[in-house]
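Everything on this sheet refers to the single structure shown next.
The values are calculated or read from the model by the stated rules, or taken from the named source; none is laboratory data. Quick caveat, the model's predicted, so the values are computed rather than measured. Cβ: placed from backbone, ideal geometry, glycine included. Neighbour counts: every protein chain shown.
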Amino acid sequence: MRRRIIAACFLVWAGSALAGAWDTGSFDNDDALDWIWQLSESNDLTVVKDTLQTVAKSSGYVEAPTASMAIAAAEVVAALRGNPRPDLPVEVSEWVQSNQVPVGDDLLKTARKAIESIKKEDLSELAQLWSESGELERAWQEDLKDLLQRLQ
């Protein structure tokens with residue numbers, strides 16, 4: 001509960017870039033939830049691949065909404081590999097169960113590369129914003145570390 005209160009205070013302070021976030025988890029923001037709608041409209045990995053490649057192949061700075069959607073896409077990859085997060089949204093769980101598509105090593109590598117980029121302040125607006133939050137940054141980084149472990 002304390003973390004949520006701190007998150008709410010920080011998000012008000014941080015301004016519009018994180019205004020649609022209510023905690024540090026992969027799906028605790030409006031951009032990730034909006035991305036789920038795109039996922040639910042698909043029946044293959046095109047949306048997931050495109051989202052991850054946008055970040056993994058970027059040679060520049062990744063904006064916060066793009067990073068949030070890539071984190072959500074990486075969570076889908078982890079879930080398809082049998083390593084879902086415990087609080088995976090119902091819509092994502094249902095999509096994964098309905099679309100048991102194999103995840104190749106290339107997509108797994110792309111997901112890991114995207115998350116590694118998102119973690120770096122010089123490459124990611126999201127990392128830069130969370131770095132200003134103190135305690136919340138540690139929680140956010142731990143969530144990403146857990147995701148990377150589940151993307152093995």
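Can you tell me how many residues within segment 40-88 are in a helix (DSSP H, G or I) and not basic (Lys, Arg)? Before the answer, list the steps.
Initially, segment 40-88 is screened for residues in a helix (DSSP H, G or I), giving 40, 46-56, 64-80.
Filter again for not basic (Lys, Arg), leaving 40, 46-48, 50-56, 64-80.
Adding up the residues that qualify gives 28.
Can you work out which of the residues in segment 33-65 that are of a type in the set (Gly, Ala, Ser) and over 21 Å from LEU80 (Cβ atoms) is modelled with the highest pLDDT? The extreme case among them is ALA64.
I'm checking my understanding of the structure. Among residues of segment 128-137 that are in contact (Cβ under 8 Å) with a residue 60 or more places away in the chain and assigned to a helix (DSSP H, G or I), which one is farthest from the chain's Cα centre (by Cα)? Across segment 128-137, the extreme among qualifying residues is GLU135. Among SER26, SER58, SER40, which is the only one that is in contact (Cβ under 8 Å) with a residue 24 or more places away in the chain and farther than 22 Å from GLN141 by Cα? Exactly one of SER26, SER58, SER40 is in contact (Cβ under 8 Å) with a residue 24 or more places away in the chain and farther than 22 Å from GLN141 by Cα, namely SER40. Restricted to segment 74-89, and to residues there that are charged (D, E, K, R) and farther than 16 Å from TRP35 by Cβ, the residue that is surrounded by the fewest Cβ atoms within 10 Å (Cβ to Cβ) is ASP87.
Can you pull out every residue in segment 73-107 that is of a type in the set (Asp, Glu), farther than 13 Å from SER26 by Cα and within 17 Å of the chain's Cα centre (by Cα)? Step through it out loud before you land on a result.
Looking only at segment 73-107, we keep the residues that are of a type in the set (Asp, Glu), and these are 75, 87, 91, 94, 105-106.
After this cut, where a residue has to be farther than 13 Å from SER26 by Cα as well, the list is 91, 94, 105-106.
Result: GLU91, single match.
Of the listed requirements (1) surrounded by fewer than 22 Cβ atoms within 10 Å (Cβ to Cβ); (2) in contact with an Asp or Glu (Cβ under 8 Å, 6 or more places away or on another chain); (3) touching a residue at least 40 places away in the same chain (Cβ under 8 Å); (4) assigned to a helix (DSSP H, G or I), VAL92 misses just one: (1). In segment 113-127, the residue that is farthest from GLU142 (Cα to Cα) out of those that are in a helix (DSSP H, G or I) and among the acidic types (Asp, Glu) is GLU125.
Selection within segment 99-127: residues that are free of Cβ contacts under 8 Å to residues at least 24 places away in the same chain and farther than 20 Å from ALA67 by Cα. The member of this set that is surrounded by the most Cβ atoms within 10 Å (Cβ to Cβ) is GLY104.
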